[in-house]
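Only the coordinates and a few stated rules stand behind these numbers; no lab work does. What you are looking at is a predicted structure, and each value in this text was computed from that prediction instead of being measured. A quick note on method: Cβ atoms are made from the backbone with ideal geometry, for glycine too, and the neighbour counts reach across all protein chains shown.
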Amino acid sequence: MSVGEKRFLGLGLYTWIYITLGLAAVLTTAALTMTFFFTPVVLADTVVDELRVIGGVPIQNQLLFSQKIFYFHVPVAMSSFLVFIFTALNGVRFLIKKEKIYDTKARIATEVTLLFVLLTMATGILWTRYEWGTWWVWEPRLTTYFILTLMVIGYFVLRNSIDDEERRATYAAAFGIIAFINAPISFAITRLVPSSAHPVVFRAGGGLISSQLIAFFLGMAGMLLFAWSVYQIRLREQDITDRVEVAKAALEE
Amino acid sequence: MAGTHANPRGLSVRQFKAILKKDIVMELRTKEMITSMGIYALLTMVIYQIALSQAGTAFDPRNIAAGLLWLAFVFTSMLGLNRSLVHEKDQGCLEALLLSPVDRPVIFFAKATGNLIFLLIVQALTIPVFAFLFLQQGTYAGDLWMIPLVLTMGSIGIAGVGTLLATMSVNTKGKDFVLAVLFVPIMYPLLLAAVSATTAAVLGGDGYVQQFWSGMGLMAAFDAIMLLAAFALYEFIVGA
Amino acid sequence: MDPVLQEIYRTVLDGAPFVLGAYFLLWLGLFGYAFMITKRLKGVEKELAVIEESVSRRGAPNS
């Protein structure tokens, strides 16, 4: 019953959390620094409207920054979706086993998803403003993330409007699963439905060179470690809060 | 799924018909759902008139007709779904059904079919009114037979997933608000495809047949996947 | 620092430092949040230790 009893490779949970958080900080910092200071510009083979030659390399204004998004924003976005998988997974496990721990896990996973989804929106909007000159464009990826944000918010609205614990857990699990299935469908349909207003502008660009791949993978690993740490911390906190409540109730008797 | 009380197939069909008949008979007696949804749709038309009042004569409402129609259907269907399940809950019908040896999937399909029928009736009433009020100028360029197809395909998704979501939302404190919060983002892809297909049907133009069928295909995919998910989850929801 | 990038930031993309700064702020917020929840976790752990101790102290004479 002692606190922090789980051990892995001889180290307690806390040590692991500190290690992963520190590593996440180092990796994301490295990715950001590489992105903005060292990674050379990708030259896309699109129509050039304003060409300049800088340092002996021809560069087009509009595409200069476009691949910079790739190293910070994309890892954040991918992490958010990867964490959302755990919402659905734990939802399924709850529906099968009806154990409270899976509901808690699903809820915490959704919480981390919300954090990452909001961060995705923030980094995305900043980039949109800078690259396309507008704060918001109904572009497939942005739209999908907007919908995902609404679904995650809906998940918490649903939870907060139910008092009965078992029912809350069941409904939340069901909605988490539905929302998880819906997210890729949303993305596919926003891409496939022909839109008169905006063609798909967002492309990953042709071929990444090794230093760019390194920056991307550093960012990706850092973000995943960060997500894992936050998930573990929050889960532990929830577990302890529950136990405190049980102990308090025992004291009052 | 419900292996504990496996029913022979004929019995399931009978039970399905019985639940559906109960909903329809009740509606024929009270006419509450159709009236409330129909009047709600009419009120939406008035709001459209306000929204378009400053658009000028050069503006052709046909360009956004599909969007306006589906907007009206979204709101009326949310109203209808909420009502249909609030009734069920208030009168204790659902609880009675759960006590009886009826398979959960049968309950789901019966409720969803009932909602689908009411939705389609309201849509069939709304469209002529909408055309009369907003589409007098200009000619209809697409194919008329496309309209009922796209309406049915869209309504299947709305009624199917909507029945699941409304079953959840009526048991919460927020009821209609919670339904809206859950319903709109989940329905987003379906509505996007529906508006695309309906626009093709209304406006015609280059490659409209292809646009229509690609929209229909996307809607069919959405309906298939989401109905399957809703069907699988309903058993858990209705028992909780 | 990449000389091409340096020149780009100076001449063509003079807004780049702002985007960079904003990203840095977001990064800071992220790890600030992690720090905050870690502190909160320690707080509840202490609380739990205190309460569990008093539960066992109270439970002991009776049993």
Checklist outcome for this item: Around A:ARG93 (Cβ within 11 Å, Cβ-to-Cβ, excluding A:ARG93; K/R +1, D/E -1) the net charge comes to +1
Checklist entry - When every alpha-carbon pair in chain B is counted, what percent end up more than 26 Å apart? => result 41 percent
Checklist entry - Would you list B:MET26, B:MET146 from fewest to most Cβ contacts within 10 Å? => result B:MET26, B:MET146
Checklist entry - Taking the range B:91-218 as the region of interest, what is the percent of Cα-Cα pairs per 5 angstrom bin, listed from the shortest bin to the one with the maximum distance? => result 2, 9, 15, 18, 18, 14, 10, 7, 4, 2, 1, 0
Item to check | Mean residue ellipticity (222 nm) of chain B, computed from DSSP H runs ≥ 4 via -39,500 (n - 2.57), nearest 500 | outcome: -28000 deg cm²/dmol
Next on the checklist: At 0.36 nm per residue, and after removing the present C-alpha to C-alpha distance, how many nm does the segment from B:LEU11 to B:ILE24 gain when stretched out fully?
Outcome noted: 2.7 nm
Item to check | Eligible lysines near C:LYS42 by straight Cα distance, threshold 22 Å, same-chain separation 8 or greater | outcome: A:LYS6, A:LYS105, A:LYS248
Checklist entry - Could you put A:LYS100, B:LYS175 in order, starting from the residue whose Cβ has the fewest other Cβ atoms within 10 Å? => result A:LYS100, B:LYS175
Item to check | Footprinting exposure proxy for B:TRP70, B:TRP145, C:TRP27, A:TRP136 (fewest neighbouring C-beta atoms within 10 Å first) | outcome: B:TRP145, A:TRP136, C:TRP27, B:TRP70
